[in-house]
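Since the structure comes first, as structure tokens, the remarks are kept for the end.
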Amino acid sequence: MIKIGKMTNTHGLKGEIRILSHFKYKNIVFKVGNIIYINNEKLEITSYRVHKEYDMVTLKGYNNIDNVLKFKGKSVYIDENDYVFPGILNENLIGLDVYDSNKFVGKVTDVITNGSQELIVIQKNNKEYLIPYVDEFIKNINDKIEVKLIKGLIDED
């Protein structure tokens with residue numbers, strides 16, 4: 001299961017839920033008929049729309065605000081096997097080792113979005129580094145991440 005967001009609140013009286021998600025491929029996931037999981041409960045999406053920064057979803061069998069209140073504050077998940085994504089999921093990068101010209105840089109602990117781009121968070125010796133997740137820096141991803149860093153991007157030990 002992959003966490004794709006959090007159900008922050010309800011919207012209206014007819015069971016619509018408000019999900020805050022920064023998932024890279026939410027345009028693939030949030031479609032009518034697709035399945036999401038909240039509280040380990042398998043739920044089918046019956047409608048979807050965007051409202052401000054939220055993904056607004058209604059669920060099959062949940063037509064009343066009282067029925068969806070139990071999901072408030074809960075994480076939203078998908079089964080990765082239910083979908084085909086055109087690229088690597090950010091969640092699959094976490095835990096990979098990062099190398100620059102065969103020199104160990106650190107281990108990926110997170111992938112964040114700063115509004116304009118994605119950044120890979122790398123940790124080594126209790127220090128965190130941010131590397132832009134763009135082709136200029138990320139050269140190859142398989143069982144490790146190979147990067148090409150520029151001087152000053154990380155502390156040289």
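The values are calculated or read from the model by the stated rules, or taken from the named source; none is laboratory data. Worth saying up front: this structure is predicted, and the values here are computed from it rather than measured. Neighbour counts run over all protein chains shown; Cβ positions are idealised from the backbone, glycine included.
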Please specify each residue of the stretch 110-135 satisfying the condition of being aromatic (Phe, Trp, Tyr) and either assigned to a strand (DSSP E or B) or touching a Cys at 6+ places or on another chain (Cβ under 7 Å) (or both). TYR129
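Specify the residue that is surrounded by the most Cβ atoms within 10 Å (Cβ to Cβ); the eligible residues are those in the stretch 37-75 that are among the aliphatic types (A, V, I, L, M) and under 18 Å from the mean Cα position of the chain (by Cα). Explain how you work it out, then say what you get.
Looking only at the stretch 37-75, we keep the residues that are among the aliphatic types (A, V, I, L, M), and these are 38, 43, 45, 50, 56-57, 59, 65, 68-69.
Applying the additional criterion that residues be under 18 Å from the mean Cα position of the chain (by Cα) yields 38, 50, 56-57.
Values: ILE38: 21, VAL50: 10, MET56: 17, VAL57: 27.
Within the stretch 37-75, the match that is surrounded by the most Cβ atoms within 10 Å (Cβ to Cβ) is VAL57.
Just to be sure before I move on: is GLY106 among the small types (Gly, Ala, Ser), on the phi < 0 side of the Ramachandran plot and out of contact with any Ser or Thr (no Cβ under 9 Å at 6 or more places or on another chain) in the structure I sent?
Working: among the small types (Gly, Ala, Ser): yes; on the phi < 0 side of the Ramachandran plot: no; out of contact with any Ser or Thr (no Cβ under 9 Å at 6 or more places or on another chain): yes.
No; evaluated as a whole, the condition is false for this residue.
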Quick count over the stretch 56-94, residues being in contact with a Ser or Thr (Cβ under 8 Å, 6 or more places away or on another chain), closer than 30 Å to ASN142 by Cβ and in the same structural domain as ASN27 (by TED's automatic domain parsing), is 1
Considering each residue of the stretch 93-109, count those that are in a loop (DSSP other than H, G, I, E, B) and surrounded by 14 or more Cβ atoms within 10 Å (Cβ to Cβ), and give that number. 3
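Going through ILE45, ILE38, ILE28, ILE19 one at a time, which residue ends up being in contact with a strand residue (DSSP E or B) (Cβ under 6 Å, 6 or more places away or on another chain) and under 24 Å from LEU119 (Cβ atoms)? First the steps, then the outcome.
Values: ILE45 fails: under 24 Å from LEU119 (Cβ atoms); ILE38 fails: under 24 Å from LEU119 (Cβ atoms); ILE28 fails: in contact with a strand residue (DSSP E or B) (Cβ under 6 Å, 6 or more places away or on another chain).
Answer to the check: ILE19.
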Extreme residue, nearest to PRO86 (Cα to Cα), among residues of the stretch 8-36 that are among the aliphatic types (A, V, I, L, M) and buried (at least 19 other Cβ atoms within 10 Å of the Cβ): VAL29
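The rows are residues; the columns are (1) over 14 Å from TYR77 (Cα atoms); (2) hydroxyl-bearing (Ser, Thr, Tyr); (3) touching a helix residue (DSSP H, G or I) at 6+ places or on another chain (Cβ under 8 Å).
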{"position": "ILE17", "(1), (2), (3)": "yes, no, yes"}
{"position": "TYR25", "(1), (2), (3)": "no, yes, no"}
{"position": "GLY33", "(1), (2), (3)": "yes, no, no"}
{"position": "ILE38", "(1), (2), (3)": "no, no, yes"}
{"position": "GLU41", "(1), (2), (3)": "no, no, no"}
{"position": "THR46", "(1), (2), (3)": "yes, yes, no"}
{"position": "HIS51", "(1), (2), (3)": "yes, no, no"}
{"position": "VAL57", "(1), (2), (3)": "no, no, no"}
{"position": "ASN63", "(1), (2), (3)": "yes, no, no"}
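Name the residues in the stretch 1-55 that are free of Cβ contacts under 8 Å to residues at least 12 places away in the same chain, within 17 Å of LEU69 (Cα to Cα) and among the polar types (S, T, N, Q), would you?
Once the filter is applied, which keeps residues that are free of Cβ contacts under 8 Å to residues at least 12 places away in the same chain, within 17 Å of LEU69 (Cα to Cα) and among the polar types (S, T, N, Q), the stretch 1-55 yields only ASN40.
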Among the residues of the stretch 75-92, what is the count of those that are in a loop (DSSP other than H, G, I, E, B) and of a type in the set (Val, Ile, Thr)? 2
Quick one: in the stretch 136-157, of everything that is part of a loop (DSSP other than H, G, I, E, B) and modelled with pLDDT of 90 or more, which residue is surrounded by the fewest Cβ atoms within 10 Å (Cβ to Cβ)? ASP143
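Which residues, counting only those in the stretch 51-97, are β-branched (Val, Ile, Thr) and over 19 Å from ASN34 (Cα atoms)?
To start, the set of residues in the stretch 51-97 that are β-branched (Val, Ile, Thr) comprises 57-58, 65, 68, 76, 78, 84, 88, 94.
Selection gives ILE65, ILE88, ILE94.
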Search the stretch 80-92 for residues being acidic (Asp, Glu) and within 13 Å of the chain's Cα centre (by Cα), and hand back the single one that is surrounded by the fewest Cβ atoms within 10 Å (Cβ to Cβ). GLU80
